[in-house]
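A single structure is presented below for examination.
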Amino acid sequence: MNTNKTRVRFAPSPTGLLHVGNARTALYNWLVARHTGGKYILRIEDTDVERSKEEHESQLIEDLHWLGLDGDEGPEIGGPHAPYRQSERLGIYHEHTEKLLSEGKAYRCFCTAEELEAERQKAIAEHRPQIYSGTCRAITKADSDTRAASGKLFAVRLRIPDRPLRFHDIVRGDVEFSSETVSDPILVRSSGVPVYNYVVTVDDALMEITHVIRGDDHISNTPKQVAIYEAFGWSVPQFAHLSTILGSDRERLSKRHGATSIASFREMGILPEALVNYLALLGWGAKDGTSETFTPPELIAEFEIERVTASPAIFDFDKLHWLNRHYLKLADPARIMDLAWPYFEKAGLLPARSPGDAAIRSWFGKLIALFLPSVDRLEQLPEKTHFIFRFDAILAAANEENATILRSEAAQKVLAAFADRIRAWEDPMTPEQFKLWMNEIKAETGAKGKDLFHPVRIALTGAHSGPEFDKLIPIFEEGSRLSLPEHVLSVRERVEQFVSA
Ligand code: GLU
């Protein structure tokens, strides 16, 4: 790639949430700019007034910011080619239309919607391609001016040259479309609204975009855009059309496959660096062919658009979760604690954060450290740690698997011995004391291994497997002394409840 002054853009339409496909497009553009020391521009394509919403635009910008994909130029920060919202550039498009009309590169089309529809139906009946017949192509300039002046409505069409339209695509190689498949495209509708293909080209040219990187759903639009560049005498940028993202069933990725919006991944507790890493791998691979974990700086160093593959990428939720676990482990514990807190608050397990909650924070830090390795996403933490906050001894005793374990004589003896000790114990329980007792109980009852530990674990946690007691006991004991929305039971309280259940 010629990296001289690379300028790329992400040009979303603010008509809904940012989804993985568009987020990957944004990321690849951003990476190309960062890798080459170029500029990454955000342009809002809001000419569809019915569907474009301000709240979608602010959500888009927020999501991009969360992913770390801030622009060098854009509607919020401005830049040398402002404005960066298409709805604020209508005057620019109008001027350019006038220029094309006066040079004869474009012409007014007075065909009505009914006439065009009749033409289309005829083409269908005759098994011909449904393209514009060119009725208004031959209208003279004078005639056209007269009709326009008399108030007749018209669209503006580009005169497509009678030769194939070619462009080079970095991902797909040389692409060619015959002029018959393109016909004379509309640039401006009779309502006066300019169409996507037209405004995107005017903007890309005026904003000096060197590489147009976008989804391959736009590949059939590209010859029309090439024709527009040529009509203005502008140099054509390089194109890179990214493959479609599919679900595991090889159908186009959609809501059916699960969450696909960036906001929903954030809400689940996927870290932005995990999502960025994952999106980067959707259609691109490391030079060594094996590395899969890349922090944003590593991606910037490694990413080359030339290594993007043309074959469709399959979205793999398990892999995203695997990467998220990787980054959860690497992340600063204080950051994870801040991110995890709201999930507990929402579940009614933690109070709202306040400056005076140092003791809760320190305890919560231990809780997170213990349970973080067992989740894919932060949203799973309250569920995983539920037994710490809300211990239901009756439910634990009634559980079939537990009941089978507890029925044995050895289990009964172990529990009784443990209960005797804890009842007679005045101080807080410590892991050391616990170990000592378990050794005594082992000698006393002859139970060992599972027979020794499972009954006690069930009595304390409600399940026969879980995290190590060394870490768990301080969480129970310290938690019981905190003022939390739900009282955390101490070891003694747990055993007492369990034995009486
Ligand atoms: N607004 C278009 C879209 O969201 C942009 C396409 C392009 O990048 O040219 O699909």
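The values are calculated or read from the model by the stated rules, or taken from the named source; none is laboratory data. Remember, it's a predicted structure, so these values are computed and weren't measured experimentally. Please note: Cβ atoms are built from the backbone with ideal geometry, for glycine as well, and neighbour counts cover all protein chains shown. With ligands, DNA and RNA removed, areas are computed over all heavy atoms of the protein, side chains included. Shrake-Rupley method; radii C 1.70, N 1.55, O 1.52, S 1.80 Å.
May I ask which residue of Leu381, Ala393, Pro431 lies farthest towards the positive end of the charge dipole of the stretch 352-444, with charges of +1 (Lys, Arg) and -1 (Asp, Glu) on Cβ and the Cα centre as origin?
Farthest towards the positive pole: Leu381.
Heavy-atom accessible area per residue, the stretch 394-501, 1.4 Å probe: how many Å²? Display every interim value, and only then the final one.
On the way: 5690 Å² over 108 residues.
Value for the stretch 394-501: 53 Å² per residue.
Under Stokes-Einstein, with the Kirkwood radius over Cα pairs standing in for Rh, what whole-number D in µm²/s applies to the chain at 25 °C and 0.890 mPa s?
Value of D from the Cα-based Kirkwood radius: 89 µm²/s.
In Å and on Cα atoms, what radius of gyration and Dmax does the stretch 7-113 show?
My reading of the Cα-based Rg and Dmax gives 16.3, 49 Å.
Please identify every one of the trypsin sites (Lys or Arg not before Pro) in the stretch 1-65 that sits in a loop by DSSP and has no more than 15 other beta carbons within 10 Å of its own beta carbon.
Within the stretch 1-65, the qualifying trypsin sites (Lys or Arg not before Pro) (loop, at most 15 other Cβ atoms within 10 Å) are Lys5, Arg51, Lys53.
Can you pull the one-decimal nm distance between simple spin-label points at Lys366 and Ala259, each 7 Å off the Cα toward Cβ?
Inter-label distance under the simple model: 3.0 nm.
May I ask which of Lys435/Lys471; Lys5/Lys287; Lys255/Lys329 have a Cα-Cα span longer than 22 Å here?
Lys5/Lys287; Lys255/Lys329
Once the principal axes of the Cα atoms of the stretch 355-501 are found, what is the range along each, listed largest first in whole angstroms?
49, 33, 25
Then there's this: Return the FRET efficiency for the residue pair Ile92, Thr430: r is the Cβ-Cβ distance, R0 is 60 Å, and the value is rounded to the nearest 0.05.
Computed FRET efficiency for Ile92 and Thr430 comes out at 0.25.
Nearest 10 degrees, 0 to 90: what angle lies between the long axis of helix 317-330 and the longest principal axis of the chain (Cα atoms)?
60 degrees
Can you give the alpha-carbon Rg of the stretch 205-334 over 2.2 N^0.38 Å, where N counts its residues?
Values: Rg = 17.5 Å, N = 130, 2.2 N^0.38 = 14.0 Å.
Normalised Cα radius of gyration, the stretch 205-334: 1.25.
Just flag the trypsin sites (Lys or Arg not before Pro) in the stretch 242-304 sitting in loop per DSSP whose Cβ has no more than 15 other Cβ atoms within 10 Å.
Arg250, Lys287
Okay, moving on. In degrees from 0 to 90, rounded to the nearest 10, what is the angle of the helix 431-445 Cα long axis to the longest principal axis of the chain?
The angle comes out at about 50 degrees.
Quickly work out the Glu62-to-Ser235 label distance, labels modelled 7 Å from Cα along the C-beta direction, and quote it in nm with one decimal.
Placing both labels 7 Å beyond Cα along the Cβ direction yields 4.1 nm.
Between Arg166 and Arg137, what FRET efficiency comes out of the Förster formula 1/(1 + (r/R0)^6) with R0 = 30 Å and r the beta carbon distance, rounded to 0.05?
With a Förster radius of 30 Å, E is 0.85.
Once the Cα atoms of helix 196-206 and of the chain are each reduced to a long axis, what angle between those two axes, in degrees from 0 to 90 to the nearest 10, is obtained?
Tilt of helix 196-206: around 90 degrees.
If you don't mind, there's one more thing I want to ask. Rg (Å, one decimal) plus Dmax (Å, integer) for the alpha carbons of the stretch 299-396?
18.1, 62
Fully extended, how many nm does the chain gain between Asp288 and Lys471 (0.36 nm per residue separation, minus their Cα-Cα distance)?
Gain on stretching Asp288 to Lys471: 61.8 nm.
Let me ask something else about it. So if we plug the beta-carbon distance of Gln380 and Arg250 into 1/(1 + (r/R0)^6) with R0 = 35 Å, what FRET efficiency do we get, rounded to 0.05?
Approximately 0.80, to the nearest 0.05.
For the stretch 418-496, what D do you get in µm² per second when you plug the Kirkwood radius from alpha-carbon pairs into Stokes-Einstein at 25 °C and 0.890 mPa s?
Details: Rh = 13.1 Å.
Result for D is 188 µm²/s.
Further, regarding this structure: Rounded to a whole number, what % of the accessible area of the stretch 74-228 do carbon and sulfur atoms account for, probe 1.4 Å?
54 percent
Enumerate cysteines in the chain without a disulfide-compatible partner, where compatibility requires another Cys Cβ under 4.7 angstrom.
Cys111
Of the beta bridges DSSP finds with both residues in the chain, what % are antiparallel, to the nearest 5?
DSSP beta bridges in the chain are roughly 50 percent antiparallel.
Moving on. Just how large is the dipole of the stretch 362-441 about the Cα centre, in debye to the nearest 20, putting +1 at every Lys and Arg Cβ and -1 at every Asp and Glu Cβ?
The dipole of the stretch 362-441 has a size of about 80 debye.
Can I ask one more? Determine the relative contact order of the chain: mean sequence separation of Cα pairs under 8 Å and six or more apart, normalised by residue count, in whole percent.
12 percent
Please work out how much length the chain gains when fully extended from Ala398 to Arg147, using 0.36 nm per residue of separation minus the C-alpha to C-alpha distance, in nm with one decimal.
Using 0.36 nm per residue and subtracting the Cα-Cα distance, I get 81.7 nm.
Taking the simple approach of a point 7 Å from Cα along Cα-to-Cβ for both Asp318 and Ala501, what is their distance in nm?
Going from the Asp318 label point to the Ala501 one covers 3.4 nm.
On to the next question. Among the GluC sites (Glu not before Pro) in the stretch 375-460, which ones are in a DSSP loop with at most 10 other Cβ atoms within 10 Å of the Cβ? Mind listing them?
Working: sites: Glu379, Glu383, Glu400, Glu401, Glu409, Glu426, Glu432, Glu440, Glu444; in loops: Glu426.
In loop regions of the stretch 375-460 (DSSP not H, G, I, E or B), the sparsely surrounded GluC sites (Glu not before Pro) are Glu426.
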